[in-house]
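For reference, the structure is listed below as structure tokens.
Just so you know, all these numbers are worked out from the coordinates, no wet-lab data involved. Because the structure is predicted, anything quoted here is derived from the model rather than measured. A quick note on method: Cβ atoms are made from the backbone with ideal geometry, for glycine too, and the neighbour counts reach across all protein chains shown.
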DNA sequence: AGGTATTCACATGAAACTATTCTCTGAGTTAGG
DNA sequence: TAACTCAGAGAATAGTTTCATGTGAATACCTGT
């Protein structure tokens with residue numbers, strides 16, 4: 001370690017740019033949520049009956065990532081709880097993110113997690129699901145109360161299990177003698193409700209609400225507000241916020257993305273011991289996000305995926321033309337498999353994996369017909385050049401070539 | 001020349017197979033009464 | 001005796017193979033001029 005770490009540490013300690021970086025981090029919840037007034041009012045309006053001790057309608061909320069769904073619902077939740085306390089109403093609102101792996105991505109785990117949140121205890125495994133379910137019902141029904149269950153990202157959970165779980169949840173009220181329960185489902189996938197049991201659909205979607213993406217101007221407002229709390233005065237150059245907003249607006253109005261962009265731009269600038277964040281750091285941040293995403297995909301992919309990607313990389317390197325076809329890849333892939341002593345998959349499967357790589361945006365594949373010479377995918381690598389070597393290194397390392 | 005029939009090299013679908021993970025059940029164990 | 005634990009049976013799941021069918025246009029093959 002003959003490097004001069006001193007200066008790096010020094011500039012990190014000085015922390016020249018940020019006042020409070022956590023404001024830009026994804027788990028931060030601001031006290032005001034710009035441009036979501038209408039949605040918040042609607043959610044509050046739908047849930048308001050719980051303050052009278054009555055059941056509220058089930059609610060289903062859609063919207064792309066970073067449109068403020070979770071934030072808004074949490075906000076309403078807190079306000080309702082405050083109000084309920086004033087009024088002395090017995091109200092419980094439980095929030096559960098179904099996407100968290102190993103916590104809440106199966107029927108059993110969701111129930112177990114809910115029981116825990118309600119103050120019960122449950123062993124992590126070993127009990128039949130319906131027993132857990134009964135315990136859950138008992139806990140809820142133990143006293144007169146109103147319960148609101150917020151299930152965030154249920155689309156993720158339902159993909160993994162049958163929709164009978166949701167059905168029984170929606171039917172819960174008929175099993176309860178004392179308590180009352182309402183469900184709020186939150187989903188990123190707009191088409192989610194379309195492919196589930198219509199009975200569930202009608203009861204879960206008693207009320208539906210759509211959170212539209214933010215446009216560039218709205219994103220600017222959000223960024224301005226947050227950057228004031230997070231950055232020191234005058235650190236942000238003219239136009240930086242606007243550019244962040246514009247970038248993120250292009251990517252389906254994702255506010256989270258916009259905030260990441262701003263934060264990373266700040267970090268990059270700080271790392272270079274600057275006392276300002278100027279426009280070029282937005283570009284750098286954007287590249288970094290993209291780069292990290294790609295590297296993460298490559299690193300965490302399966303062996304077979306990596307093998308095929310590696311074959312594509314090699315072909316790109318050895319040929320003058322950037323295009324190649326499924327057959328070329330498959331041939332080289334077979335050889336690579338032999339070299340690494342890996343099982344060779346069928347062409348059918350390789351074809352699917354190539355399609356997956358395409359979906360992830362690492363390559364650009366189009367089905368074309370070459371007439372007499374058949375029909376195939378025309379494939380071009382579409383990762384940034386600077387990443388080529390790095391990715392190749394990762395693959396070689398991981399495949400033991 | 002103009003039309004149509006073939007043919008290639010895969011794509012795309014459906015079903016079956018397989019290994020691994022999850023869920024569930026009952027036997028055995030423990031601890032408290 | 002009730003509660004708990006744990007191994008193994010059975011079900012669910014993901015990744016893959018097998019079999020079957022589909023596809024667009026360059027090229028081969030006609031056909032009548």
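For segment A:301-399, the alpha carbon positions stretch 40, 31, 24 Å along the principal axes, listed from largest to smallest.
Using the Cβ-Cβ distance between residue A:331 and residue A:358 with R0 set to 22 Å, the FRET efficiency from 1/(1 + (r/R0)^6) comes to roughly 0.70. Using 0.36 nm per residue and subtracting the Cα-Cα separation, the extra length available between residue A:246 and residue A:370 on full extension is 40.6 nm.
Each 10 Å bin from zero up to the one holding the largest Cα-Cα distance in segment A:244-290 carries the following percent of pairs: 31, 55, 14, 1. One equal scatterer on each Cα of segment A:299-340, no solvent, Debye formula: the resulting log10 I(q)/I(0) at q = 0.30, 0.32, 0.33 Å⁻¹ is -1.07, -1.14, -1.18. Applying 0.36 nm per residue to the separation of residue A:65 and residue A:280 and subtracting their alpha-carbon distance, the gain on full extension is 74.8 nm. Site pair residue A:27 and residue A:190 shows an inter-label distance of 3.1 nm when each label is modelled 7 Å from Cα along Cα→Cβ. Between residue A:87 and residue A:233, what FRET efficiency follows from the Cβ-Cβ distance if R0 is 41 Å, with the result rounded to 0.05? About 0.45, to the nearest 0.05.
In terms of the ratio Rg/(2.2 N^0.38 Å) built on C-alpha atoms, what value belongs to segment A:183-279?
Details: Rg = 18.5 Å, N = 97, 2.2 N^0.38 = 12.5 Å.
Dividing the Cα Rg of segment A:183-279 by 2.2 N^0.38 Å gives 1.48.
Here residue A:346 and residue A:19 are evaluated by their C-beta separation; at R0 = 60 Å the FRET efficiency comes out at 0.55.
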